[in-house]
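A short worksheet on the structure shown next.
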Amino acid sequence: MKLSVVIPAHNEVQSIGATVEGVLEELEREQISHEVLVIDDASGDGTVEVVNRIAERKPAVRCVRSHLPPGFGHAVRAGLDHFSGDAVAIMMADLSDSPTDLVRYYRALEQGYDCAFGTRFAQGGSTHGYPRFKLLLNRVVNTGIRFLFRHGYDDTTNAFKAYRRYVIDQLQPLLSNHFNLTVELPLKAVTRGFSYAIVPVTWANRHHGQSKLRLQEMGGRYLFIVLYVWLEHHLSRGDYRRRDLPSGSSTRSRPAMRAHVPGEGNGAQDAPRDLLQT
Ligand SMILES: Nc1nc2c(ncn2[C@@H]2O[C@H](COP(=O)(O)OP(=O)(O)OP(=O)(O)O)[C@@H](O)[C@H]2O)c(=O)[nH]1
Ligand SMILES: [Mg+2]
């Protein structure tokens, strides 16, 4: 199974080199077939040059100029249009996400889960340097989403996740142009009936560069996409369910499932048998 790693990057010259090198090192060590796609939006600080220098040594790395308008959601969607792997992971360029966790996601997908979702807040997960107000907002929003969708998962808003290719195909068309894509992807995957492993991950606040998330501009957009998926789930009578499930079957979210992660005690036996077959 080839893994594509899509990394949206805008003016991340101080972090992008270490991000890409860290991913390569881990995937090469684990002998995981891979490609790394950095999706740039006209960065003016040398981000592209750093990636292109790595690409000269490592053919698995490509820097792609987004063909869509600027913005986080468009950049990720550009990556999802371009990737060639059997699965794709979306990862940030600011060294917040850990390449070791990327390997854990891959192992969960290998076990037969359709998606791998990280949690920074359940046992085994952690955050370092999360600004207090952002953390508070995060917990309120994720609790609200969990209440609405009852999917047993407490970190829906974290963008760092992995999906099998057929999941991405069946989530189209994607509507979010901005950071709200980070909730559209997992919520559609859950409500459309794909299985998901919940994997504890670590997250660290950026040390370099600037945050591009503008909270004031995103509130309405997050609410729009959350309500959109909720309405689809409750009113569409299963029209958008994954295609290999009968459309009239239950439209309730699947319960959370934990992946067996090497070195941890939680086992794949938690997952219903049919979910381990893909
Ligand atoms: N190509 C592209 N990438 C973007 C854009 N906006 C953000 N990104 C990238 O998306 C990732 C997440 O953006 P961040 O600014 O770190 O957002 P955040 O993680 O919510 O904010 P922090 O907590 O401050 O890190 C980073 O890798 C950014 O470089 C954009 O408009 N275009
Ligand atoms: Mg960030």
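Readers should treat all values here as calculations from the given coordinates under stated rules, not as data from a laboratory. Predicted model, so just to flag it, every value in this text is computed and none were measured. Don't worry about glycine lacking a Cβ; one is built from the backbone with ideal geometry, like all the others, and counts go over all protein chains shown.
Quick rundown of the values:
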item: Shape call, the stretch 161-238: gyration tensor on alpha carbons, a/c limit 1.5; result: oblate
item: DSSP-defined beta bridges in the chain - what % are antiparallel, rounded to 5; result: 25 percent
item: Computed P(r) (all Cα pairs; the stretch 114-245; 5 Å bins; percent); result: 2, 10, 19, 24, 21, 14, 7, 2, 1, 0
item: Over the chain, relative contact order from alpha-carbon pairs under 8 Å, at least 6 apart, %; result: 21 percent
item: Exposure proxy ranking, count of Cβ atoms within 10 Å, fewest first, for R242, R107, R53; result: R53, R242, R107
item: Kirkwood Rh, angstrom, the stretch 1-89 [1 / mean 1/r, Cα pairs]; result: 12.9 Å
item: Helix-only mean residue ellipticity at 222 nm for the chain, each DSSP H run of n ≥ 4 adding -39500 (n - 2.57), per residue, nearest 500; result: -12000 deg cm²/dmol
item: Cα-projected label distance for L148 with L215, points at 7 Å along beta-carbon direction, nm; result: 1.8 nm
item: The stretch 64-112: C-alpha gyration tensor shape, a/c 1.5 cut-off, then a/b vs b/c; result: oblate
item: For the chain, average projected area of the Cα convex hull in nm²; result: 13.6 nm²
item: Per-residue ³J(HN,Hα) for the stretch 134-145, Karplus 6.51 cos²θ - 1.76 cosθ + 1.60, θ = phi - 60°, Hz, x for Gly and Pro; result: 4, 5, 4, 4, 4, 5, 5, 5, 5, 5, x, 5
item: Chain lengthening between H208 and T157 when straightened (0.36 nm per residue, less Cα-Cα); result: 16.2 nm
item: Mean Cβ count within 10 Å, highest first, over the residues of peptides 16-28, 82-94; result: 82-94, 16-28
item: For G85, residues with placed amide H under 5 Å, excluding near neighbours; result: S4
